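Working notes, beginning with the structure itself.
The values are calculated or read from the model by the stated rules, or taken from the named source; none is laboratory data. This structure is a prediction, so every number in the text was calculated from the model and none was measured. Positions of Cβ are generated from backbone atoms using ideal geometry, with glycine treated the same way; all protein chains shown enter the neighbour counts.
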Amino acid sequence: MIFNINSIGLLDSGVGGLTVVKEINKILPNERMIYFGDTAKMPYGPREPKQVRGFAMDIINFLNTQDVKMMVVACNTATAVGLDYYQQKFDIPIIGVIAPGAQAAIKATVNRKIGVIGTEGTINSGSYEQALKDIDPDVEVFSKACPLFVLLVENNLMDTKEAKEVAQSYLQPLKNQGVDTLILGCTHYPIMEELIQEVMGPDVKLVNSAKATAQLTKDILTQNKLLYDERRRPVHRYFVSGATAGFERIADNWLGDNTKAFRVDLEN
(Lines give C-alpha, C1' and ligand atoms only; values in the text may rest on other atoms or scores of the structure.)
Protein backbone atom coordinates (compact mmCIF):
# COMPACT_ATOMS: atom_id res chain seq x y z
CA MET A 1 0.00 0.00 0.00
CA ILE A 2 1.29 3.47 -0.92
CA PHE A 3 0.89 6.18 1.68
CA ASN A 4 0.89 9.92 1.06
CA ILE A 5 3.65 10.29 3.62
CA ASN A 6 6.03 8.22 1.45
CA SER A 7 8.82 9.87 -0.52
CA ILE A 8 9.52 10.84 -4.12
CA GLY A 9 12.47 8.86 -5.44
CA LEU A 10 14.87 10.44 -7.94
CA LEU A 11 17.87 9.02 -9.79
CA ASP A 12 20.64 10.44 -11.93
CA SER A 13 24.15 9.58 -13.04
CA GLY A 14 25.53 12.22 -10.67
CA VAL A 15 24.62 15.68 -9.39
CA GLY A 16 22.51 16.79 -12.37
CA GLY A 17 19.25 15.49 -10.99
CA LEU A 18 19.62 17.90 -8.09
CA THR A 19 18.23 20.51 -10.49
CA VAL A 20 14.98 18.52 -10.41
CA VAL A 21 15.15 18.26 -6.60
CA LYS A 22 15.43 22.04 -6.41
CA GLU A 23 12.42 22.63 -8.66
CA ILE A 24 10.25 20.02 -6.90
CA ASN A 25 11.11 21.57 -3.57
CA LYS A 26 9.88 24.95 -4.82
CA ILE A 27 6.39 23.77 -5.73
CA LEU A 28 6.06 20.83 -3.32
CA PRO A 29 7.81 22.04 -0.16
CA ASN A 30 6.13 19.44 2.06
CA GLU A 31 7.29 16.42 0.06
CA ARG A 32 10.22 14.28 1.19
CA MET A 33 12.69 13.19 -1.52
CA ILE A 34 15.18 10.35 -1.73
CA TYR A 35 17.92 10.87 -4.30
CA PHE A 36 20.48 8.50 -5.78
CA GLY A 37 23.42 9.82 -7.81
CA ASP A 38 25.40 7.10 -9.58
CA THR A 39 28.65 9.04 -9.28
CA ALA A 40 30.88 5.96 -9.51
CA LYS A 41 29.61 5.23 -13.04
CA MET A 42 29.01 8.71 -14.45
CA PRO A 43 28.88 9.88 -17.15
CA TYR A 44 26.11 7.75 -18.64
CA GLY A 45 26.16 9.49 -22.01
CA PRO A 46 28.95 7.49 -23.72
CA ARG A 47 27.73 4.11 -22.40
CA GLU A 48 25.70 1.49 -24.25
CA PRO A 49 21.91 1.81 -23.76
CA LYS A 50 21.59 -1.70 -22.31
CA GLN A 51 24.24 -0.89 -19.71
CA VAL A 52 22.53 2.37 -18.71
CA ARG A 53 19.19 0.56 -18.38
CA GLY A 54 20.86 -1.94 -16.08
CA PHE A 55 22.34 0.81 -13.91
CA ALA A 56 18.98 2.58 -13.72
CA MET A 57 17.15 -0.63 -12.79
CA ASP A 58 19.61 -1.29 -9.96
CA ILE A 59 18.92 2.19 -8.58
CA ILE A 60 15.15 1.92 -9.02
CA ASN A 61 15.18 -1.42 -7.19
CA PHE A 62 17.12 0.22 -4.36
CA LEU A 63 14.78 3.23 -4.20
CA ASN A 64 11.82 0.86 -4.17
CA THR A 65 13.04 -0.40 -0.77
CA GLN A 66 12.92 3.15 0.63
CA ASP A 67 9.13 3.66 0.80
CA VAL A 68 8.73 5.77 -2.35
CA LYS A 69 5.34 6.59 -3.87
CA MET A 70 6.62 7.63 -7.30
CA MET A 71 9.95 7.86 -9.09
CA VAL A 72 11.53 10.48 -11.30
CA VAL A 73 14.24 9.36 -13.70
CA ALA A 74 16.02 12.71 -13.41
CA CYS A 75 18.53 11.77 -16.10
CA ASN A 76 17.93 12.38 -19.78
CA THR A 77 20.14 9.50 -20.92
CA ALA A 78 18.48 6.97 -18.61
CA THR A 79 15.07 8.31 -19.66
CA ALA A 80 15.93 8.10 -23.36
CA VAL A 81 17.11 4.48 -23.28
CA GLY A 82 14.56 2.91 -20.98
CA LEU A 83 11.63 4.84 -19.53
CA ASP A 84 9.01 2.48 -20.97
CA TYR A 85 11.02 -0.48 -19.69
CA TYR A 86 11.13 0.84 -16.12
CA GLN A 87 7.44 1.72 -16.17
CA GLN A 88 6.52 -1.85 -17.14
CA LYS A 89 8.43 -3.28 -14.18
CA PHE A 90 6.83 -1.29 -11.35
CA ASP A 91 3.33 -0.39 -10.21
CA ILE A 92 4.09 3.10 -8.91
CA PRO A 93 4.22 6.12 -11.26
CA ILE A 94 7.61 6.57 -12.97
CA ILE A 95 8.30 9.62 -15.12
CA GLY A 96 11.27 10.92 -17.07
CA VAL A 97 12.48 14.36 -18.09
CA ILE A 98 12.19 14.29 -21.89
CA ALA A 99 8.44 14.61 -22.51
CA PRO A 100 7.98 17.53 -20.06
CA GLY A 101 10.94 19.37 -21.63
CA ALA A 102 9.62 18.86 -25.15
CA GLN A 103 6.18 20.16 -24.22
CA ALA A 104 7.67 23.26 -22.59
CA ALA A 105 9.83 23.96 -25.67
CA ILE A 106 6.89 23.74 -28.07
CA LYS A 107 5.04 26.29 -25.93
CA ALA A 108 8.08 28.59 -25.85
CA THR A 109 9.16 28.67 -29.50
CA VAL A 110 7.97 31.33 -31.94
CA ASN A 111 9.93 30.51 -35.09
CA ARG A 112 9.61 26.72 -34.52
CA LYS A 113 13.37 26.24 -34.61
CA ILE A 114 14.36 24.38 -31.45
CA GLY A 115 17.85 23.41 -30.36
CA VAL A 116 18.56 20.44 -28.11
CA ILE A 117 21.78 19.90 -26.21
CA GLY A 118 22.50 16.72 -24.25
CA THR A 119 24.84 13.80 -23.76
CA GLU A 120 25.86 11.54 -26.64
CA GLY A 121 23.38 8.91 -25.43
CA THR A 122 20.45 11.32 -25.35
CA ILE A 123 21.22 12.97 -28.68
CA ASN A 124 21.95 9.67 -30.47
CA SER A 125 18.65 8.23 -29.23
CA GLY A 126 16.67 10.91 -31.08
CA SER A 127 14.23 10.95 -28.15
CA TYR A 128 13.82 14.72 -27.98
CA GLU A 129 13.35 15.06 -31.72
CA GLN A 130 10.69 12.35 -31.64
CA ALA A 131 8.94 13.90 -28.64
CA LEU A 132 8.95 17.33 -30.31
CA LYS A 133 7.74 15.97 -33.66
CA ASP A 134 4.95 14.06 -31.92
CA ILE A 135 3.60 17.40 -30.71
CA ASP A 136 4.38 19.49 -33.81
CA PRO A 137 5.46 17.54 -36.93
CA ASP A 138 6.62 20.73 -38.65
CA VAL A 139 9.02 21.93 -35.96
CA GLU A 140 12.71 22.06 -36.94
CA VAL A 141 15.03 20.40 -34.43
CA PHE A 142 18.78 20.97 -34.27
CA SER A 143 20.64 18.71 -31.83
CA LYS A 144 24.16 18.89 -30.41
CA ALA A 145 25.93 16.55 -28.02
CA CYS A 146 27.84 18.47 -25.31
CA PRO A 147 29.54 15.72 -23.27
CA LEU A 148 32.11 17.94 -21.57
CA PHE A 149 29.37 19.96 -19.85
CA VAL A 150 28.68 17.04 -17.51
CA LEU A 151 32.35 16.76 -16.54
CA LEU A 152 32.58 20.52 -15.98
CA VAL A 153 29.60 20.40 -13.60
CA GLU A 154 30.69 17.25 -11.76
CA ASN A 155 34.13 18.79 -11.18
CA ASN A 156 32.74 22.21 -10.22
CA LEU A 157 34.49 23.98 -13.12
CA MET A 158 31.48 25.87 -14.51
CA ASP A 159 32.94 29.35 -13.88
CA THR A 160 36.29 28.85 -15.61
CA LYS A 161 37.64 30.35 -18.84
CA GLU A 162 37.85 26.83 -20.26
CA ALA A 163 34.14 26.27 -19.60
CA LYS A 164 33.28 29.38 -21.63
CA GLU A 165 35.49 28.26 -24.51
CA VAL A 166 33.85 24.82 -24.51
CA ALA A 167 30.38 26.39 -24.42
CA GLN A 168 31.15 28.68 -27.34
CA SER A 169 32.47 25.77 -29.38
CA TYR A 170 29.40 23.61 -28.70
CA LEU A 171 26.72 26.27 -29.06
CA GLN A 172 27.86 28.35 -32.04
CA PRO A 173 26.40 25.89 -34.61
CA LEU A 174 23.00 26.18 -32.93
CA LYS A 175 23.21 29.97 -32.97
CA ASN A 176 24.04 29.78 -36.67
CA GLN A 177 20.84 27.77 -37.27
CA GLY A 178 18.74 30.58 -35.77
CA VAL A 179 17.09 28.61 -32.98
CA ASP A 180 14.91 30.73 -30.69
CA THR A 181 14.53 28.02 -28.04
CA LEU A 182 17.15 25.71 -26.56
CA ILE A 183 16.31 22.63 -24.51
CA LEU A 184 18.83 21.90 -21.77
CA GLY A 185 18.55 18.18 -22.45
CA CYS A 186 20.64 17.02 -19.52
CA THR A 187 19.78 17.73 -15.92
CA HIS A 188 23.37 18.83 -15.29
CA TYR A 189 23.05 21.72 -17.72
CA PRO A 190 20.82 24.08 -15.68
CA ILE A 191 23.76 24.38 -13.28
CA MET A 192 25.54 26.05 -16.24
CA GLU A 193 22.45 28.01 -17.28
CA GLU A 194 23.98 31.48 -16.85
CA LEU A 195 26.94 30.63 -19.07
CA ILE A 196 24.78 28.96 -21.70
CA GLN A 197 22.45 31.98 -21.78
CA GLU A 198 25.42 34.33 -22.10
CA VAL A 199 26.75 32.42 -25.10
CA MET A 200 23.37 31.95 -26.81
CA GLY A 201 22.29 35.56 -26.24
CA PRO A 202 19.22 37.11 -24.60
CA ASP A 203 16.84 36.36 -27.48
CA VAL A 204 17.08 32.57 -27.09
CA LYS A 205 14.76 31.00 -24.52
CA LEU A 206 16.34 28.25 -22.44
CA VAL A 207 14.05 25.38 -21.49
CA ASN A 208 15.00 23.80 -18.19
CA SER A 209 13.34 20.39 -18.25
CA ALA A 210 13.71 20.21 -14.47
CA LYS A 211 10.97 22.84 -14.05
CA ALA A 212 8.57 21.06 -16.37
CA THR A 213 9.33 17.72 -14.69
CA ALA A 214 8.61 19.19 -11.26
CA GLN A 215 5.21 20.39 -12.49
CA LEU A 216 4.44 16.95 -13.95
CA THR A 217 5.43 15.39 -10.63
CA LYS A 218 2.92 17.60 -8.85
CA ASP A 219 0.23 16.82 -11.42
CA ILE A 220 0.69 13.06 -11.07
CA LEU A 221 0.72 13.12 -7.27
CA THR A 222 -2.43 15.25 -7.34
CA GLN A 223 -4.21 12.96 -9.83
CA ASN A 224 -3.33 9.88 -7.79
CA LYS A 225 -4.23 11.57 -4.48
CA LEU A 226 -0.70 11.06 -3.20
CA LEU A 227 0.18 14.63 -2.24
CA TYR A 228 1.35 15.19 1.30
CA ASP A 229 -0.52 18.43 1.90
CA GLU A 230 0.18 19.04 5.58
CA ARG A 231 2.88 21.55 6.45
CA ARG A 232 6.19 20.08 7.47
CA ARG A 233 9.91 20.56 6.90
CA PRO A 234 10.90 17.33 5.17
CA VAL A 235 14.31 15.75 5.58
CA HIS A 236 15.61 14.59 2.23
CA ARG A 237 18.02 11.67 1.88
CA TYR A 238 20.89 11.49 -0.59
CA PHE A 239 22.75 8.39 -1.70
CA VAL A 240 25.71 8.08 -4.07
CA SER A 241 27.69 5.18 -5.48
CA GLY A 242 31.03 7.02 -5.36
CA ALA A 243 32.79 9.45 -3.06
CA THR A 244 30.51 11.71 -1.05
CA ALA A 245 32.63 14.87 -0.61
CA GLY A 246 32.36 16.27 -4.14
CA PHE A 247 28.66 15.53 -4.34
CA GLU A 248 28.00 17.21 -0.99
CA ARG A 249 29.95 20.33 -2.01
CA ILE A 250 28.01 20.81 -5.25
CA ALA A 251 24.71 19.96 -3.56
CA ASP A 252 25.36 22.56 -0.86
CA ASN A 253 26.09 25.22 -3.49
CA TRP A 254 23.09 24.35 -5.64
CA LEU A 255 20.46 23.64 -3.00
CA GLY A 256 21.68 25.99 -0.30
CA ASP A 257 21.44 23.23 2.28
CA ASN A 258 23.81 21.31 4.51
CA THR A 259 23.68 18.14 2.44
CA LYS A 260 24.82 14.82 3.86
CA ALA A 261 25.23 11.96 1.38
CA PHE A 262 25.64 8.26 2.09
CA ARG A 263 27.61 5.91 -0.10
CA VAL A 264 25.87 2.72 -1.27
CA ASP A 265 27.50 0.07 -3.45
CA LEU A 266 24.67 -1.53 -5.42
CA GLU A 267 26.95 -4.21 -6.86
CA ASN A 268 27.34 -5.99 -3.54
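Checking each residue in segment 61-89 for being among the hydrophobic types (A, V, I, L, M, F, W, C) and either modelled with pLDDT under 95 or within 18 Å of the chain's Cα centre (by Cα) (or both) picks out Leu63, Met70, Met71, Val72, Val73, Ala74, Cys75, Ala78, Ala80, Val81, Leu83. For segment 69-82, the criterion of being surrounded by fewer than 17 Cβ atoms within 10 Å (Cβ to Cβ) and over 21 Å from Val264 (Cα atoms) is met by no residue. For segment 80-111, filtered to residues that are outside the structural domain of Glu48 (by TED's automatic domain parsing) and out of contact with any helix residue (DSSP H, G or I) (no Cβ under 7 Å at 6 or more places or on another chain), the residue that is nearest to Lys218 (Cα to Cα) is Lys107.
Please enumerate the residues belonging to segment 132-159 that are among the charged types (D, E, K, R) and either assigned by TED's automatic domain parsing to the domain that holds Leu18 or part of a helix (DSSP H, G or I) (or both). Full working, then the answer.
Step one: list which residues in segment 132-159 are among the charged types (D, E, K, R), which gives 133-134, 136, 138, 140, 144, 154, 159.
Lys133, Asp134, Glu154 - these are the residues of segment 132-159 that are among the charged types (D, E, K, R) and either assigned by TED's automatic domain parsing to the domain that holds Leu18 or part of a helix (DSSP H, G or I) (or both).
Tell me the residue from Val199, Val179 that is more than 19 Å from Pro147 (Cβ to Cβ) and either modelled with pLDDT of 95 or more or of a type in the set (Val, Ile, Thr) (or both), please. Lay out the reasoning, then the answer.
Values: Val199 fails: more than 19 Å from Pro147 (Cβ to Cβ).
Among Val199, Val179, only Val179 is more than 19 Å from Pro147 (Cβ to Cβ) and either modelled with pLDDT of 95 or more or of a type in the set (Val, Ile, Thr) (or both).
On the given criteria, is Gln66 in contact with a strand residue (DSSP E or B) (Cβ under 7 Å, 6 or more places away or on another chain) and part of a loop (DSSP other than H, G, I, E, B)? For Gln66, the condition - in contact with a strand residue (DSSP E or B) (Cβ under 7 Å, 6 or more places away or on another chain) and part of a loop (DSSP other than H, G, I, E, B) - is met.
When residues in segment 75-126 are screened for being among the charged types (D, E, K, R), assigned to a helix (DSSP H, G or I) and in contact (Cβ under 8 Å) with a residue 60 or more places away in the chain, 1 of them pass. In segment 172-180 there is no residue that is within 21 Å of the chain's Cα centre (by Cα), surrounded by 14 or more Cβ atoms within 10 Å (Cβ to Cβ) and aliphatic (A, V, I, L, M). Residue count for segment 243-254 under the criterion of being modelled with pLDDT under 95 and either surrounded by fewer than 17 Cβ atoms within 10 Å (Cβ to Cβ) or part of a loop (DSSP other than H, G, I, E, B) (or both): the result is 5.
Scanning segment 224-242 for residues that are in a loop (DSSP other than H, G, I, E, B) and closer than 25 Å to Asp58 by Cβ, which turns out modelled with the lowest pLDDT?
Within segment 224-242, the first condition is being in a loop (DSSP other than H, G, I, E, B), and the residues that meet it are 224-236, 241-242.
Retained after the next criterion (residues that are closer than 25 Å to Asp58 by Cβ): 226, 235-236, 241-242.
Details: Leu226: 94, Val235: 91, His236: 95, Ser241: 97, Gly242: 95.
Going through the qualifying residues, I end up with Val235.
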